[in-house]
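Okay, so here's the structure we're looking at.
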Amino acid sequence: MMDLHTLRQFLVVARLEHLSRAADELRVAQPSLSRTIARLESELGAPLFERSGRLRLNDTGKLFRGYVERSLGELDAGRRAVAEATSEGAGTVRLGSETFLTLTGPLAAFKGAHPAIEVELLWTPAEDMARRLRAQEVDLCVASQPIPTEGLAATRLLDEAVGVATPLDHPLAGRTSVSIDELADQPFITARQGHWQRRLLDQLFAARGLTPKIVCESDEHSAIADLISAGLGIGLIPAIARRATTRAPLVWTAVDSPDCRRALTLFWGADSNLSTAARLMRTTITGWNWITGEPQ
């Protein structure tokens, strides 16, 4: 008889598609985990993984994973709803994002207005947001790049130009705009693969048959402006960050391309029953004036 423990273990194996890594994450012995998955497949009457070479989730496994994610997500939502109902309105809201630098203003306003609500901030890569929302592992996600929208609801928060940031004494610093071709030989400081900033840079160059010259890939996104200011390279910076950046002296120059933009979007599960805490967070974020940096 399948139980919650078995289903949670299945989800970890399905996500990692690797038994030993899943066993390490779950802190169980690999033979025991293998037997758990085998019993689950036997009970369902169908294999969930392909085992020729690397372990891979098959089509049946992908189908089953969706049901398991939704079922466990509903159970977790039920537990949180009960906790909220018995704590006189206080609760927890879980917000996922690639970076929280953009969100410091509305998060501070939310915490100031609702100090009893616990806020969990979960760094979430864009490619994992849709799954986590559908599984109700997070309540809300803010993305700066497109994600699969099946089963999700969304509202656009901001659509803004992205420019190139240079040190004050850079040859391009006095320009009103620059083309991608003019940036071809410039050293770039950017985020790692998967982040919206890096994806935009790669797309802009690939559309012209070019490859950006990257001299630094940083996981510390707040340090990118400082590294540019220090003269180590140039980088793509959204307009909102240009207005907010005062610590690092930079020159922001428009890029002569209609595709050099980013859209900031808030997502949540279309079929999920958002808690009061999550609805309040959604109201705060959607009601934020991203131009002035204060509530509407």
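The values are calculated or read from the model by the stated rules, or taken from the named source; none is laboratory data. From a predicted model like this one, the values you see are computed outputs, not experimental measurements. Here the Cβ positions follow ideal geometry from the backbone for every residue, glycine too, while neighbour counts run over all protein chains shown.
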Item to complete: Take region 249-276 and flag every residue that is farther than 27 Å from residue 150 by Cβ and in contact (Cβ under 8 Å) with a residue 24 or more places away in the chain.
Response: 249, 250, 251, 252, 253, 254, 255, 256, 257, 260
Worksheet, complete the sentence: Sole miss for residue 222 among (1) within 30 Å of residue 70 (Cα to Cα); (2) assigned to a helix (DSSP H, G or I); (3) not aromatic (Phe, Trp, Tyr) is condition (1)
Fill in: Hey, residue 287 surrounded by fewer than 19 Cβ atoms within 10 Å (Cβ to Cβ) and either among the hydroxyl-bearing types (Ser, Thr, Tyr) or at positive phi (or both) or not
no
Worksheet item: Which one is surrounded by the fewest Cβ atoms within 10 Å (Cβ to Cβ), of the residues in region 177-227 that are farther than 16 Å from residue 256 by Cα and of a type in the set (Val, Ile, Thr)?
Response: 211
Fill in: Whichever residue in region 102-124 is surrounded by 15 or more Cβ atoms within 10 Å (Cβ to Cβ) and in contact (Cβ under 8 Å) with a residue 60 or more places away in the chain and, among such residues, is farthest from residue 278 (Cα to Cα)
102
Discussion item. Please determine whether any residue of region 237-252 is surrounded by 13 or more Cβ atoms within 10 Å (Cβ to Cβ), touching a Phe, Trp or Tyr at 6+ places or on another chain (Cβ under 8 Å), part of a strand (DSSP E or B) and of a type outside the set (Phe, Trp, Tyr).
Written reply: yes
Worksheet item: Using beta carbons and a limit of 6 Å, which pairs, at least six apart or on different chains, have the first residue in region 148-159 and in a loop (DSSP other than H, G, I, E, B) and the second one surrounded by 14 or more Cβ atoms within 10 Å (Cβ to Cβ)?
Response: 148/130; 151/134
Fill in: Filter result for residue 218 (in contact with a Ser or Thr (Cβ under 8 Å, 6 or more places away or on another chain) and not hydrophobic (A, V, I, L, M, F, W, C))
yes
Worksheet item: Within region 124-145, can you find the residues that are part of a loop (DSSP other than H, G, I, E, B), under 20 Å from residue 282 (Cβ atoms) and of a type outside the set (S, T, N, Q)?
Response: 135, 137, 138, 139
Item to complete: Look through 279, 208, 199 and report the one residue that is part of a helix (DSSP H, G or I) and either aromatic (Phe, Trp, Tyr) or touching a residue at least 24 places away in the same chain (Cβ under 8 Å) (or both).
Response: 199
Response to the item:
Of the listed residues (92, 176), the one being among the polar types (S, T, N, Q) and in contact with a helix residue (DSSP H, G or I) (Cβ under 7 Å, 6 or more places away or on another chain) is 92
Worksheet item: Which pairs do you get when a residue that is in the same structural domain as residue 276 (by TED's automatic domain parsing) and on the phi > 0 side of the Ramachandran plot, found in region 55-79, comes within reach of a residue that is not in a helix (DSSP H, G or I) and not charged (D, E, K, R), reach meaning Cβ atoms under 9 angstrom, with the pair 6+ apart or on two chains?
Response: none
Worksheet entry | So residue 142, is it touching a Gly at 6+ places or on another chain (Cβ under 8 Å), crowded, with 20+ Cβ neighbours inside 10 Å and of a type in the set (Val, Ile, Thr) | yes
Response to the item:
Flagged in region 8-58 as under 29 Å from the mean Cα position of the chain (by Cα) and polar (S, T, N, Q), in numbering order, are 9, 20, 58
